[in-house]
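The values are calculated or read from the model by the stated rules, or taken from the named source; none is laboratory data. If you're wondering where the values come from, they're calculated on a predicted model, not measured in any experiment. A quick note on method: Cβ atoms are made from the backbone with ideal geometry, for glycine too, and the neighbour counts reach across all protein chains shown.
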Amino acid sequence: MPRILVVGGGLIGLATAQLLAQQGHDVTVLERDPAPPPATPADVIDGWERPGVMQFRLVNFLMPRGRRLLDDHLPEVTALLADSGATVFNGLNNLPPTITNYFPRPDDERFATLATRRQLLEYAMASTAAGRVDVRRGVHVTGLLSDGRRRVTGVQLNDSELAADLVIDAMGRRSPLPAWLAAIGAGAPAEESEDLGFVYYGRFFQAPPGAAPRLTGGLFHYDCYSVLVLPSDVGTWSATIVTNARDHALRALREEANFTKLVSACPIHAPILDLEPVTGMLAAAGTSDRLRELVTDGAPVATGVLTVGDSWACTNPSLGRGITIGFMHALATAEAVASHLTDPLALALEQDRLTRKRVLPWYRATTQIDRQRAAEVAAAIEGRPPAQAPPVPAALVMRDFMTATALDADAFRAYLEMIFLLALPQEILSRPGFAERVSDIAAGGAPAPPPGPSRQDLLAMLS
């Protein structure tokens with residue numbers, strides 16, 4: 001039986017391992033962090049240390065598309081999440097008050113997900129993996145083994161070696177794979193990276209037992225900052241402020257008092273401060289959008305090795321897409337393995353083909369959103385108006401679409417399809433009659449933006 005090594009025991013590594021185990025493969029997961037998940041969900045939040053996962057304690061969101069993929073392929077994970085206190089959340093709960101033509105539809109369930117903290121999601125994935133795959137924790141992989149002809153044949157550990165028919169890199173956004181490939185004489189992956197400077201300051205809050213606070217979740221953009229409020233498991237909620245790391249004047253928001261000042265000055269978000277804080281301030285930065293491809297000019301830089309999830313491509317965490325895109329990539333990888341494991345060259349090319357067809361468009365759509373938002377923030381910092389949409393049909397339709405989402409229930413549903421990874425922007429914009437309809441709706445004028453401090457107000461508040 002072929003042996004597969006998955007290096008990295010995070011969400012996507014364990015998901016990939018389980019999908020491959022379902023095919024009957026001998027799968028071993030090598031995870032550097034030594035601590036296994038606690039025995040019960042109650043011990044997970046404060047009793048499990050995962051220093052290898054930067055965002056382990058930060059805000060987390062499982063997109064409805066991600067929940068659907070888990071329901072279809074790893075249903076035990078979502079079942080355990082539900083049993084452990086994850087909360088059902090439907091994006092239609094956040095219908096803007098300016099929409100007056102909403103009525104429920106049978107397919108509105110597609111916008112529902114399970115809201116949970118990252119720790120609980122990792123617990124559910126790790127618990128279901130136990131017994132299905134061989135998970136070895138506290139293992140430090142230091143490099144790759146090869147046959148001398150750019151064929152990976154296993155991994156090098158601190159004091160030993162492990163042979164394999166396939167090595168899958170699931171080590172995340174900081175994967176050292178390029179250096180490992182160079183060490184065996186393989187070519188360099190094709191890589192593009194862009195640090196748009198997003199930085200995150202946030203904390204979690206707890207509602208009283210049995211209470212159902214009426215809070216508005218979602219990501220709201222202001223001139224030079226964004227506020228992300230999300231429900232989570234067992235009555236917890238998170239609030240996160242997203243700014244630009246190069247905006248030194250706003251670094252004071254990492255302090256609890258200043259964070260509270262800003263949230264309290266935003267009427268939509270201020271009610272979360274009525275809940276009990278259950279964490280101190282949490283922060284993250286240095287989260288580049290980065291794509292790394294092992295097939296260049298139609299040929300793999302090495303065979304016997306694949307990347308999956310953030311090791312392949314990682315994006316801005318505030319959009320909450322990384323986990324779901326990772327699951328999509330894990331499924332594409334498992335499909336390629338199912339048909340081509342015994343042919344390393346065909347396997348590399350097939351995973352690349354499926355990735356480009358099914359997953360890469362979502363990475364491109366996400367980075368386009370990131371660039372647009374970064375440009376808006378830069379304009380606010382520099383005190384100039386944001387750039388206008390170029391006078392091309394697609395850009396004008398998108399402009400009208402964004403206006404219509406606050407005025408019409410069907411446009412809002414289409415918007416949720418886009419942000420929840422249910423349909424690509426180009427798929428939505430090309431629907432028959434869509435452009436004309438959103439243009440008619442937008443002709444009535446855009447509603448007022450959400451109330452909150454301007455940059456000038458915020459600087460005065462922090463002085």
Subject >> Sole residue being closer than 19 Å to residue 431 by Cβ and either touching a Pro at 6+ places or on another chain (Cβ under 7 Å) or charged (D, E, K, R) (or both), chosen from 352, 400, 343 >> reply: 400
Original post:
Can we say residue 240 is among the hydroxyl-bearing types (Ser, Thr, Tyr), touching a Lys or Arg at 6+ places or on another chain (Cβ under 9 Å) and either touching a residue at least 40 places away in the same chain (Cβ under 8 Å) or more than 26 Å from residue 386 (Cβ to Cβ) (or both)?
Top reply: yes
Subject >> When residues of segment 342-392 are limited to those that are in contact with a Ser or Thr (Cβ under 6 Å, 6 or more places away or on another chain) and aliphatic (A, V, I, L, M), the one nearest to residue 315 (Cα to Cα) >> reply: 348
Subject >> Count of segment 151-169 residues which are part of a loop (DSSP other than H, G, I, E, B) and surrounded by fewer than 18 Cβ atoms within 10 Å (Cβ to Cβ) >> reply: 3
**OP:** Mind listing whichever residues of segment 376-394 are assigned to a helix (DSSP H, G or I) and exposed (fewer than 13 other Cβ atoms within 10 Å of the Cβ)?
**Re:** 382, 393
Original post:
Given (1) in a helix (DSSP H, G or I); (2) surrounded by 17 or more Cβ atoms within 10 Å (Cβ to Cβ); (3) over 20 Å from the mean Cα position of the chain (by Cα); (4) assigned by TED's automatic domain parsing to the domain that holds residue 326, where does residue 42 come up short, assuming only one miss?
Top reply: (2)
Original post:
Is it the case that segment 391-414 has a residue that's on the phi > 0 side of the Ramachandran plot and of a type outside the set (D, E, K, R)?
Top reply: no
**OP:** Check 292, 246 and return the single one that is charged (D, E, K, R) and in a loop (DSSP other than H, G, I, E, B).
**Re:** 246
Subject >> Candidates 115, 79 - the one that is more than 20 Å from residue 29 (Cβ to Cβ), in contact with a Pro (Cβ under 7 Å, 6 or more places away or on another chain) and among the aliphatic types (A, V, I, L, M) >> reply: 115
Subject >> Flag if residue 172 is at positive phi, touching an Asp or Glu at 6+ places or on another chain (Cβ under 6 Å) and not in a strand (DSSP E or B) >> reply: yes
Original post:
Based on what the data block shows, is residue 126 of a type in the set (Gly, Ala, Ser), buried (at least 16 other Cβ atoms within 10 Å of the Cβ) and in a helix (DSSP H, G or I)?
Top reply: yes
Subject >> Close pairs (7 angstrom Cβ cut-off, 6 or more residues apart or separate chains): under 14 Å from residue 324 (Cβ atoms) in segment 107-119, of a type in the set (Lys, Arg) and buried (at least 24 other Cβ atoms within 10 Å of the Cβ) anywhere >> reply: 113/67; 114/67
**OP:** Would you mention how many residues in segment 259-297 are buried (at least 16 other Cβ atoms within 10 Å of the Cβ), in contact with a strand residue (DSSP E or B) (Cβ under 9 Å, 6 or more places away or on another chain) and charged (D, E, K, R)?
**Re:** 4
Subject >> Residue check for residue 397: part of a helix (DSSP H, G or I) and in contact with a strand residue (DSSP E or B) (Cβ under 7 Å, 6 or more places away or on another chain) >> reply: no
Subject >> Residues of segment 120-154 classified as farther than 19 Å from residue 187 by Cβ and modelled with pLDDT of 95 or more, total >> reply: 21
